[in-house]
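To start, the structure itself, in structure tokens.
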Amino acid sequence: MRLNFSEPNTPTLSRQNTTSYDRHHTRRGTHPHLLSSRHKPRRWPLVFRFVKGAIHGAILLPVALHALFSALVVYLDEYVFDTVGLPTSIIPSLSIVVGLMLVFRNQTSYNRFWDGRNGMTTLQTCVRNLVRTIVTNGYSTSGPLSGLEKDDIERTIRILVAFPYAVKNHLRAEWGAAWAVAGNANAGVSIGVGVLGHEVVDTGVAVYNPDYAGLLPAGLEGHEDQGLGLPYQLTFFVDGFIKRGVERGWFNAPGASQMQAQLNTMTDAYGKMETIKITPMPVAHLIHQKQVLALFGCVLPFAMVDDMKWWTIPIVCLVTFTLYGIEGIGSQLEDPFGYDRNDIKMDAIVGDAKMEMDVVLDEWRRINREASSSDTAVSGLVDKYTPPDLFLRRRM
């Protein structure tokens, strides 16, 4: 999914609560979390949902096969043999083993899902902290920022905004996603696709994916084809900016150390999510779980046929539907960074973060424009220059 950040337009915020509660408990999207929040209420109870977000499609085949096998068992019991039934006492013993395996599987998969979501939250928190520190401390007391200093701050903030995008593509194994591919170029501009991560126009200038437009530094060359991930590559630019800020007198030693800690936490969160992605469940556990489920579903009709007769078929379908559904949910949550409906809303999360940082960056630009054009700031009437606070109402 490619997000279009030009729509919807940014609403005008007020002090009023933007969430309304009527008798139907209608939830309206507010500007924060606009993309990641649910936009419309559920019109039908979840018990009647069988397609969107449900696991039914993935388990339909095994449930159908068990139904056919159950029908065969009942037929043999009714028309071929006197009885093929087994004692019903074997079901409780087998169900305990199956239950324990499914609990372990589901809990482990949900922990991976939850850890992945917490990793995205940690990533977004570090970006917020770094942007806030850069915006509020990135200035000199001698006067307004120069053009080069403004460009350096803007470039660093854009790189921080691009970091979640790079992590999202990295976790999805979308190598070279930061660069546009052939066919996405504007009319009249041809793209020469070289090795992975080195797509350039015929003039030799990198063409970035629309999601990254205006975020990545000019002339950035990707090295994913050589084994270097783009998220780790972007941290070098932020680290270099922190060093330049110390040399300019913007950040003292403790402040720079805290910024380094935030950058390290970002890298750590990215590494933990990477671990979830590249470390699947042990294959021995998956094989044994599938075999145990299949054996339990095959033994079940033999234990029920004497008492249930043809009712054995729907009862077996119900049991296998429940067990295979739990196993299917665990399989889907095992890798939570994809495009499934139950996966983490990666695109929406990074889109909301970009909109949030765009507001901060626009406000910072306004403050610096006003400071640069102020007679007081340049006439030497003040001993030390201090930019005004952000997000205050302008005086007419």
Exercise. What is the magnitude of the charge dipole of the range 108-174 about its Cα centre, with +1 placed on the Cβ of each Lys and Arg, -1 on the Cβ of each Asp and Glu, and no other charges, expressed in debye to the nearest 20?
Worked result: 300 debye
Problem set entry | Mean Cβ count within 10 Å, highest first, over the residues of peptides 336-349, 297-310, 245-258 | 297-310, 336-349, 245-258
Exercise. Points 7 angstrom from Cα along the Cβ direction at residue 52 and residue 118: gap in nanometres?
Worked result: 3.1 nm
Problem set entry | residue 132-residue 322 FRET efficiency (beta carbon distance; Förster radius 56 Å; 0.05 resolution) | 0.70
Problem set entry | Extension reserve of the residue 226-residue 359 stretch, reckoned as 0.36 nm per residue once the Cα distance is removed | 44.3 nm
Problem set entry | the range 270-387 - convex hull of alpha carbons, volume per residue in Å³ | 153 Å³
Seminar exercise, completed: In this structure, among 52/272; 150/345; 150/243; 168/243, pairs with alpha-carbon gaps over 22 Å are 52/272; 150/345; 168/243
Exercise. What is the Rg over Rh value, at two decimals, for the range 196-322, using alpha-carbon atoms and the Kirkwood definition of Rh?
Worked result: 1.35
Exercise. Distance in nm between label sites at residue 246 and residue 65, each 7 Å beyond Cα in the beta-carbon direction?
Worked result: 6.1 nm
For this session: Quick one: dipole size for the range 270-375, taken about the Cα centre, charges +1 on Lys/Arg Cβ and -1 on Asp/Glu Cβ, in debye to the nearest 20.
Result: 340 debye
Seminar exercise, completed: For the residue 257, residue 286 Cβ pair and Förster radius 30 Å, calculated FRET efficiency rounded to 0.05 is 0.10
Problem set entry | In Å, descending, principal axis extents of the Cα set of the range 36-97 | 59, 27, 18
Problem set entry | Rule-of-thumb Rg ratio for the range 58-145 [Cα; 2.2 N^0.38 Å; N residues] | 2.48
Problem set entry | Where labels lie 7 Å past Cα in the beta-carbon direction, separation of residue 392 and residue 154 in nm | 2.4 nm
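FYI, it's all coordinate maths here, none of it is from the lab. Quick caveat: nothing in here was measured; it's all calculated off a predicted structure. For neighbour counting, all protein chains shown are included, and Cβ atoms are generated from backbone atoms with ideal geometry for every residue, glycine included.
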